[in-house]
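See below for the structure under consideration.
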């Protein structure tokens with residue numbers, strides 16, 4: 001069974017950088033994996049963690065005794081995880097789980113833990129709290145790995161670190177313990193504190209080639225025609241392609257577009273404000289909904305151009321929705337962004 005880094009497609013430059021660091025035994029103590037959502041940042045992070053934790057990496061294992069005597073020894077390269085030892089298998093996410101079971105691989109993410117697990121009374125709704133950093137990082141990073149090879153912290157959507165949480169993390173980033181590594185994942189790394197960025201090494205993950213997205217979708221059971229159609233609209237994001245190909249997600253997008261159009265036809269502002277409640281969704285999901293609305297306005301504009309009525313209005317609405325999605329990408333408040341958008345669309 002290959003290691004996780006061996007199975008990552010479309011990110012050859014980033015993977016090559018990590019392999020060189022592993023081969024030279026010079027893996028940086030803190031990285032920011034920077035790139036759009038759904039392009040393999042998290043897979044690369046877990047792949048690097050697996051390699052750092054692998055019990056066999058860089059070792060020689062005597063061959064088993066076969067029918068005609070002992071088989072040749074197995075030499076595991078210093079750049080690869082074996083993929084089969086206990087550390088390798090426990091470093092992977094199990095189906096339906098968001099955290100691995102290996103004690104030396106710790107995941108931080110907003111809302112991932114129950115409040116009582118991290119010493120809070122209320123859930124984390126806005127950011128990764130200082131309580132999570134204190135409980136999961138500060139209380140553990142000062143000690144060596146539990147099982148011997150390394151200790152790895154993966155922080156999903158690291159731009160959501162609260163100010164207090166980021167400041168609490170700084171001291172550990174400045175003086176990490178022996179064999180302690182931090183992997184921060186972010187689609188908007190410029191939102192990280194400058195002091196965090198200065199203490200980390202940035203590794204860029206580009207949008208995936210459409211052919212790679214289509215290849216993965218076909219492996220997951222999509223027909224060649226559907227895989228090509230979805231990859232063409234994916235903007236290089238496998239996560240986006242999967243969502244576009246999910247019937248339930250498609251129904252949700254269609255419902256959102258229908259509600260939005262209906263709200264814009266009403267005399268009252270209340271239906272439009274109700275739509276703004278969609279701003280409470282995860283930002284990535286909200287972005288997909290707004291993309292669907294932009295596509296609907298674009299199609300409306302093309303249809304209107306044929307009879308010469310309403311094309312300009314559709315074009316203005318299309319541009320305003322695109323502006324809102326860009327604001328979300330810059331980490332604007334989702335709910336306030338949606339409220340402002342619908343007030344503009346009604347104007």
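The values are calculated or read from the model by the stated rules, or taken from the named source; none is laboratory data. Every value quoted in this text rests on a predicted model; they were computed, and no experiment measured them. For neighbour counting, all protein chains shown are included, and Cβ atoms are generated from backbone atoms with ideal geometry for every residue, glycine included.
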Does residue 110 satisfy being modelled with pLDDT under 90, outside any helix (DSSP H, G or I) and in the same structural domain as residue 199 (by TED's automatic domain parsing)? no
I need the full set of residues from the range 85-116 which are farther than 23 Å from residue 180 by Cβ and loosely packed, with under 14 Cβ neighbours inside 10 Å, in order please. 94, 95, 96, 97, 114, 116
What number goes with the only condition from (1) more than 30 Å from residue 171 (Cβ to Cβ); (2) surrounded by fewer than 21 Cβ atoms within 10 Å (Cβ to Cβ) that residue 217 does not pass? (2)
Which of the residues belonging to the range 32-50 are outside any helix (DSSP H, G or I) and touching a helix residue (DSSP H, G or I) at 6+ places or on another chain (Cβ under 8 Å)? 32, 33, 34, 35, 37, 38, 39, 40
Filter the range 2-14 down to residues that are assigned to a helix (DSSP H, G or I) and out of contact with any helix residue (DSSP H, G or I) (no Cβ under 7 Å at 6 or more places or on another chain), then give me how many there are. 4
Does at least one position in the range 297-307 carry a residue that is farther than 30 Å from residue 208 by Cα, modelled with pLDDT of 85 or more and part of a helix (DSSP H, G or I)? no
Which residue out of 195, 212 is part of a helix (DSSP H, G or I), at pLDDT 90 or above, farther than 15 Å from residue 288 by Cβ and in the same structural domain as residue 176 (by TED's automatic domain parsing)? 195
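Given the structure, is residue 32 touching a strand residue (DSSP E or B) at 6+ places or on another chain (Cβ under 7 Å), on the phi < 0 side of the Ramachandran plot and modelled with pLDDT under 95?
In short, no.
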The residue that is surrounded by the most Cβ atoms within 10 Å (Cβ to Cβ), considering only those in the range 231-259 that are in contact (Cβ under 8 Å) with a residue 24 or more places away in the chain and assigned to a loop (DSSP other than H, G, I, E, B), is 234
Would you check if there is a residue in the range 15-23 being surrounded by fewer than 22 Cβ atoms within 10 Å (Cβ to Cβ), in contact (Cβ under 8 Å) with a residue 24 or more places away in the chain and in a loop (DSSP other than H, G, I, E, B)? no
Which numbered condition residue 262 fails, given (1) outside any loop (DSSP other than H, G, I, E, B); (2) surrounded by fewer than 17 Cβ atoms within 10 Å (Cβ to Cβ); (3) at pLDDT below 85: (3)
Of 230, 170, the only residue that is touching a helix residue (DSSP H, G or I) at 6+ places or on another chain (Cβ under 7 Å) and in the same structural domain as residue 33 (by TED's automatic domain parsing) is 170
